[in-house]
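Below: the structure, in structure tokens.
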Amino acid sequence: MEQNERKVNINWFPGHMTKAKRQMQEKLKMVDMVVECRDARIPNASKNPMLDELIQNKPRCILLTKTDKADPLETQKWIESIQNETTKVIACNVLKDNMTQILTAVSKEVMASFIEKQKRRGINPRAIRIMIVGIPNVGKSTLINRVAKKKATVTADRPGVTKALQWVKINKDLELLDTPGVLWPKFEDEQVGLCLAISGAIRDEILPLEDVCLFGLDYCMKYYPQNLIDRYSIELSEDTVENLRRIAKARGCLKNNGILDEEKAIQLFIREARDGLVGRISWEKCYGNAQ
Ligand SMILES: Nc1nc2c(ncn2[C@@H]2O[C@H](COP(=O)(O)OP(=O)(O)O)[C@@H](O)[C@H]2O)c(=O)[nH]1
Ligand SMILES: [Mg+2]
């Protein structure tokens with residue numbers, strides 16, 4: 001394969017980005033705080049490069065999702081390195097954890113001084129308005145659907161919005177904007193592209209699957225070799241392509257003429273890695289001082 005063909009090229013459209021950015025700014029005016037979802041397996045790659053600028057001083061919490069698929073030790077390191085005085089970081093399994101409780105608790109903590117100020121003025125603290133944002137596939141809709149389940153949505157009549165926004169009253173303390181803010185990842189970085197691809201954030205049709213597979217396999221050989229041995233019952237070679245062949249053989253990926261079907265093994269490995277079947281893997285290591 002030519003070197004330039006190996007580039008992971010992810011096509012996001014600049015026109016859509018400008019529009020997305022504008023829409024986000026409009027919505028941001030309406031909320032008290034933002035919950036930024038990122039994939040716990042790739043806390044750097046699943047970050048939006050412009051979010052800091054978009055949010056500015058608006059209080060924020062970072063929710064690392066899919067912890068059930070991530071390496072718990074790495075997740076802990078990521079939490080410690082991203083968290084600071086202004087940004088609270090929590091990690092959860094959006095499918096299983098009590099997300100209403102988690103969101104309520106974190107919003108109270110992040111908005112503590114705001115709540116305090118209202119109390120001091122003798123006002124009954126109103127519900128905190130939050131908005132869920134993040135790049136595609138980090139679990140935004142799953143989160144909204146879970147906390148909004150069976151809750152009636154109320155159409156906002158607040159000034160300043162051209163289109164009526166739907167709010168969901170979660171409980172007396174919390175109101176949620178019912179549509180997430182969809183952002184784009186740092187797609188111009190090849191390493192980021194590979195991380196997004198191996199974790200399943202990008203559609204396969206636009207991906208060089210062989211590169212994605214070899215990246216994932218290579219990464220596992222380096223950091224999670226036992227996972228490969230356990231999953232595929234193979235002896236590991238130093239050579240990534242050879243290991244792919246061994247996986248193909250172990251799994252009976254064969255063409256009609258009995259020759260190993262590497263194509264099939266590529267798809268198999270990517271699918272199993274994404275599904276967490278190769279074990280709990282964080283595709284980005286934390287080296288401290290992250291954002
Ligand atoms: N294992 C696991 N899967 C999750 C979690 N959160 C979301 N998902 C899955 O990830 C996929 C993308 O979720 P979705 O809510 O559509 O992401 P969105 O694009 O950000 O709205 C879906 O298949 C969800 O079931 C999680 O915490 N753990
Ligand atoms: Mg969605």
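Here is a list: 31, 133, 89. Which entry is within 16 Å of ligand 2 (Cβ to nearest atom) and not small (Gly, Ala, Ser)?
Just a single option satisfies the conditions, and that option is 133.
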Completion exercise
The number of residues in segment 188-234 that are more than 20 Å from residue 250 (Cα to Cα) and among the charged types (D, E, K, R) is 8
Problem - Selection within segment 167-182 - away from ligand 1 (no atom under 15 Å from the Cβ) and among the polar types (S, T, N, Q) - result: 171
Practice task
With a cut-off of at least 2 residues that are small (Gly, Ala, Ser), name the helices (runs of 4 or more DSSP H) lying wholly within segment 175-291.
Solution key: 190-199, 240-250, 262-274
Exercise for the section: Say whether the condition of being within 20 Å of the chain's Cα centre (by Cα) and within 16 Å of ligand 2 (Cβ to nearest atom) is met by at least one residue in segment 216-231. Expected result: no
Practice task
Look at residue 206 and say whether it is surrounded by fewer than 19 Cβ atoms within 10 Å (Cβ to Cβ) and either of a type in the set (A, V, I, L, M) or at positive phi (or both).
Solution key: yes
Exercise for the section: Return a yes/no flag: does segment 143-153 have any residue that is out of contact with any helix residue (DSSP H, G or I) (no Cβ under 6 Å at 6 or more places or on another chain), closer than 24 Å to residue 290 by Cα and in a helix (DSSP H, G or I). Expected result: no
Handout entry: Selected residue (only one of 287, 223 is modelled with pLDDT under 95, surrounded by fewer than 18 Cβ atoms within 10 Å (Cβ to Cβ) and among the aromatic types (Phe, Trp, Tyr))
Key = 287
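The values are calculated or read from the model by the stated rules, or taken from the named source; none is laboratory data. Computed from a predicted structure; not experimentally measured. A quick note on method: Cβ atoms are made from the backbone with ideal geometry, for glycine too, and the neighbour counts reach across all protein chains shown.
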